[in-house]
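Chemist: The structure under discussion is supplied below as structure tokens; questions concerning it will follow.
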Amino acid sequence: MSKKYGKHNSLKLVLLLFAMAFTMSACSVDNNYALDKTQPPAAHTPAAKSTAPGTTAEEESLDTQAGSMSMEEAVQIIREAGNTEVIKTWEQYESAKIPLIAALPERNLYLYGLKDKVGVILYYNGAGHFYEWNYLTPRFILPGLKITDFDGDGKEELGVILYVGSGTGLSVEELHMVKISETEVVSDNPKDKNYLVPNKEYFKDYCYSDYSEQLKEQVKLKTHVEGAALWADVTAGQKASSFELENPTDDIDNENIVFGNIVRFEFKDKKITAQFALGAIRKSYASPDFIGELNTEVVFKAGNFKLENITFQQ
């Protein structure tokens, strides 16, 4: 085994352990850390002076939160490097100090992955914003980005799809929505624009974490025996499907269905679609028995995600 190959395997093992630790439930880390740690000005006071050029208040407040370097140092490295080429291989990932993992160059938006801690830097229009996101597994599937008005409020959002979990019977993507069109401060007194307060929606990150709960409300599984065969009755939304299962053993727990082991999202114009594997829990198996796929649309509105038009496919 070559030294380079061994190095790749070690790195992939570390990433796999991170993925296993953080994907037991979606959005398991604090994705709004930088904003939460920012010390806002007192209400009814003029807006604070701007920070160092190209950085935001939350960056300076992080200081060492980006690992061995401060956020300001990280943003300075990004600015000086001027790199606009997204990495394509593990070699490029290892050689880059702060690898570029996704980009929309036509919108001057770049997403960089931190290597010495969990997190990314969203570099948009010359300013950096930190988010505590997982972004890479040994499968090396890079993030997907889309800017559009997802919620129909007249302002564009940044949609982000992160591949955060891989392994045997595990393939998980994570959906984020970032409010990139909001102003940093707003007026607390509409009649007097001189008095400003921080805008809580400014680059706020919304992560879709409760899809399993929504699916449990809309998807039901029942099994019944016919002769020597075991049949499954799946109700998804308003439509029911019945089919014979390959394994005829009658040991499925109908009250315990798994949706979060295989999760995929996709951007289609201004819409978001999702696919979830439906896993039945058997008493004789340690892992779920996947019996079909759920296809649905994801609607983002007023900071909330909702599943609509759910269908089941065997």
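Chemist: If I filter the stretch 254-263 for residues that are surrounded by fewer than 16 Cβ atoms within 10 Å (Cβ to Cβ), at pLDDT below 95, polar (S, T, N, Q) and not assigned by TED's automatic domain parsing to the domain that holds residue 150, do I get at least one hit?
Modeler: Among the residues of the stretch 254-263, at least one is surrounded by fewer than 16 Cβ atoms within 10 Å (Cβ to Cβ), at pLDDT below 95, polar (S, T, N, Q) and not assigned by TED's automatic domain parsing to the domain that holds residue 150, which makes the answer yes.
Chemist: Just to verify a result, which residue in the stretch 206-225, among those that are among the hydroxyl-bearing types (Ser, Thr, Tyr) and more than 15 Å from residue 256 (Cβ to Cβ), is farthest from the chain's Cα centre (by Cα)?
Modeler: 211
Chemist: Within the stretch 281-289, does at least one residue satisfy the condition of being among the basic types (Lys, Arg) and at pLDDT 95 or above?
Modeler: No: the stretch 281-289 contains no residue that is among the basic types (Lys, Arg) and at pLDDT 95 or above.
Chemist: Can you tell me which residues in the stretch 109-157 are β-branched (Val, Ile, Thr), part of a loop (DSSP other than H, G, I, E, B) and farther than 20 Å from residue 95 by Cα?
Modeler: none
Chemist: So, one more: Check whether at least one residue in the stretch 116-124 is surrounded by fewer than 16 Cβ atoms within 10 Å (Cβ to Cβ) and not small (Gly, Ala, Ser), and report yes or no.
Modeler: Yes - at least one qualifying residue is present in the stretch 116-124.
Chemist: Which residue is surrounded by the most Cβ atoms within 10 Å (Cβ to Cβ), if the candidates are limited to the stretch 264-301 and must be acidic (Asp, Glu) and assigned to a strand (DSSP E or B)?
Modeler: Per the stated criteria, the residue is 289.
Chemist: Taking the stretch 74-90 as the region of interest, how many residues are in a helix (DSSP H, G or I), of a type in the set (Gly, Ala, Ser) and surrounded by fewer than 17 Cβ atoms within 10 Å (Cβ to Cβ)?
Modeler: Count: 1.
Chemist: OK, next. Any residue at all in the stretch 181-194 that is touching an Asp or Glu at 6+ places or on another chain (Cβ under 6 Å), within 26 Å of residue 148 (Cα to Cα) and hydrophobic (A, V, I, L, M, F, W, C)?
Modeler: So far as the stretch 181-194 goes, no, none of its residues is touching an Asp or Glu at 6+ places or on another chain (Cβ under 6 Å), within 26 Å of residue 148 (Cα to Cα) and hydrophobic (A, V, I, L, M, F, W, C).
Chemist: Inspect all residues belonging to the stretch 80-88 and state whether any of them is farther than 25 Å from residue 182 by Cα, at pLDDT 95 or above and in contact with a helix residue (DSSP H, G or I) (Cβ under 6 Å, 6 or more places away or on another chain).
Modeler: Yes, there is a match, as at least one residue in the stretch 80-88 is farther than 25 Å from residue 182 by Cα, at pLDDT 95 or above and in contact with a helix residue (DSSP H, G or I) (Cβ under 6 Å, 6 or more places away or on another chain).
Chemist: Go through (1) farther than 28 Å from residue 184 by Cβ; (2) touching a residue at least 60 places away in the same chain (Cβ under 8 Å) and name the single condition residue 132 misses.
Modeler: (1)
Chemist: Does residue 119 count as in the same structural domain as residue 194 (by TED's automatic domain parsing), modelled with pLDDT of 85 or more and closer than 21 Å to residue 176 by Cα?
Modeler: So residue 119 fits the description; yes.
Chemist: Continuing with this model, one more query. What is the number of the single condition among (1) at pLDDT 95 or above; (2) more than 21 Å from residue 267 (Cα to Cα); (3) crowded, with 17+ Cβ neighbours inside 10 Å that residue 138 does not meet?
Modeler: (1)
Here's the yes/no breakdown for (1) assigned by TED's automatic domain parsing to the domain that holds residue 300; (2) at pLDDT 95 or above; (3) within 17 Å of the chain's Cα centre (by Cα); (4) among the charged types (D, E, K, R):
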site: 152; (1), (2), (3), (4): no, no, no, no
site: 157; (1), (2), (3), (4): no, yes, yes, yes
site: 161; (1), (2), (3), (4): no, yes, yes, no
site: 181; (1), (2), (3), (4): no, no, no, no
site: 188; (1), (2), (3), (4): no, no, no, yes
site: 194; (1), (2), (3), (4): no, no, no, no
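Results for (1) buried (at least 17 other Cβ atoms within 10 Å of the Cβ); (2) farther than 17 Å from residue 308 by Cα; (3) touching a residue at least 12 places away in the same chain (Cβ under 8 Å); (4) not basic (Lys, Arg), shown as yes or no for each residue.
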{"position": "196", "(1), (2), (3), (4)": "yes, yes, yes, yes"}
{"position": "201", "(1), (2), (3), (4)": "no, yes, yes, yes"}
{"position": "214", "(1), (2), (3), (4)": "yes, no, yes, yes"}
{"position": "223", "(1), (2), (3), (4)": "yes, yes, yes, yes"}
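Chemist: Test of understanding: among 309, 247, 304, which residue is within 15 Å of residue 175 (Cα to Cα), surrounded by fewer than 15 Cβ atoms within 10 Å (Cβ to Cβ) and not assigned by TED's automatic domain parsing to the domain that holds residue 152?
Modeler: Unique residue meeting the criteria: 304.
The values are calculated or read from the model by the stated rules, or taken from the named source; none is laboratory data. Just so it is clear, the model here is predicted, and its values are computed rather than measured. When we count neighbours, we look across all protein chains shown, and the Cβ atoms used for this are built from the backbone with ideal geometry, even at glycine.
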